[in-house]
Amino acid sequence: MKNGSVILELQRATHATLQLLTTELVDLDLTASEINALGNLADGTGRTVSELGAAVGTRPATLTGILDRLERRGLITRGARPGDRRAVLIELTADGEQTAALIRRTLGDLEKRALAGLPADAVDGARAVLRALTEAGR
């Protein structure tokens with residue numbers, strides 16, 4: 001295996017996953033970046049712009065446009081973070097919660113289909129690699 005090939009495969013898999021999600025969720029009329037942002041908010045935990053940007057791999061300037069569109073559609077709100085008025089807290093609205101839940105269900109279905117033929121130890125190994133890459137980026 002050449003150096004960097006795991007990272008390149010991860011980039012390809014991420015791109016392919018977001019494209020597939022965009023196709024499967026076409027009725028939502030959301031971009032891959034918007035789906036990614038909502039999917040990361042689906043756990044119901046509000047995040048600051050910088051926290052969400054780190055989670056979705058987007059620069060704050062790019063994320064601002066994504067958030068503007070999601071806010072106009074009534075899927076998120078932006079407000080002051082309790083205890084730190086300078087930080088902007090991003091939270092899902094009721095409509096955003098429903099949309100994010102659909103995104104999470106679709107992700108879960110995609111994961112089941114993609115991993116169905118793999119042995120459990122291969123899936124565990126892949127998860128270990130992903131955790132290691134996540135930790136290396138912190």
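What is the percent of Cα-Cα separations in the chain that go past 17 Å?
More than 17 Å apart: 65 percent of the Cα pairs in the chain.
What are the residues whose amide H is under 5 Å from the amide H of LEU89, where those residues sit 5 or more places off or on another chain and H is modelled from the backbone?
GLY79, ALA80, ARG81
Using helices alone, what [θ] at 222 nm do you get for the chain, with -39,500 (n - 2.57) per DSSP H run of 4 or more residues, divided over all residues and rounded to the nearest 500?
Using -39500 (n - 2.57) per qualifying helix, the result is -21500 deg cm²/dmol.
How many angstrom lie between the Cα centre of segment 78-138 and the Cα centre of segment 25-49?
That distance is 10 Å.
Taking a ≥ b ≥ c as the square roots of the Cα gyration tensor eigenvalues, with a/c under 1.5 meaning rounded and otherwise prolate when a/b beats b/c, else oblate, which class fits segment 15-57? Please list the in-between numbers first.
Values: a/c = 2.64, a/b = 1.83, b/c = 1.44.
Prolate shape, in that a/c is at least 1.5 and a/b is the bigger ratio.
Hey, what angle do you get for helix 94-115 against the long axis of the chain, alpha-carbon based, 0 to 90 degrees rounded to 10?
The angle comes out near 0 degrees.
For the chain, which whole percent of the accessible surface, found with a 1.4 angstrom probe, sits on carbon and sulfur atoms?
Roughly 54 percent of what the probe reaches on the chain is carbon or sulfur.
To the nearest 20 debye, what charge dipole does segment 52-138 have about its Cα centre, counting +1 at the Cβ of each Lys and Arg and -1 at the Cβ of each Asp and Glu?
Roughly 280 debye, rounded to the nearest 20.
Taking only protein heavy atoms into account and a 1.4 Å probe, give the accessible area per residue of the chain in Å².
Averaged over the residues of the chain, the accessible area is 65 Å².
What are the ³J(HN,Hα) couplings of segment 55-62, residue after residue, when phi is run through the Karplus curve with 6.51, -1.76, 1.60 and θ = phi - 60°? Round to Hz, x for glycine and proline.
With the stated coefficients, segment 55-62 comes to 5, 9, x, 10, 5, x, 5, 5 Hz.
Can you bin segment 81-138 into rounded, prolate or oblate? Criterion: square roots of the alpha carbon gyration tensor eigenvalues sorted a ≥ b ≥ c, rounded for a/c under 1.5, prolate for a/b above b/c, oblate for the rest. Write down the numbers at each step before the final one.
Working: a/c = 5.59, a/b = 1.54, b/c = 3.63.
Here segment 81-138 falls in the oblate category.
Over the chain, what is the relative contact order in percent, taking alpha-carbon pairs closer than 8 angstrom and at least six residues apart?
In percent, rounded to a whole number, it is 22.
Lys and Arg at +1, Asp and Glu at -1: add these up for the other residues within a Cβ distance under 13 Å of THR48 and post the number.
Here the charged neighbours net out to +2.
Where a ≥ b ≥ c are the square roots of the eigenvalues of the C-alpha gyration tensor, would you call segment 1-82 rounded, which needs a/c under 1.5, or, failing that, prolate if a/b is larger than b/c, or oblate?
Details: a/c = 2.49, a/b = 1.49, b/c = 1.67.
Oblate, because a/c is 1.5 or more while a/b does not exceed b/c.
On a 0 to 90° scale, report how tilted helix 5-24 is relative to the longest principal axis of the chain, with both axes built from alpha carbons and the result rounded to the nearest 10.
60
The values are calculated or read from the model by the stated rules, or taken from the named source; none is laboratory data. Not measured: the values here are computed from a predicted model. Counting neighbours? That spans all protein chains shown, and the Cβs are built from the backbone with ideal geometry, glycine included. These accessible areas exclude ligands, DNA and RNA; they are computed on the full protein's heavy atoms, side chains included. Shrake-Rupley method; radii C 1.70, N 1.55, O 1.52, S 1.80 Å.
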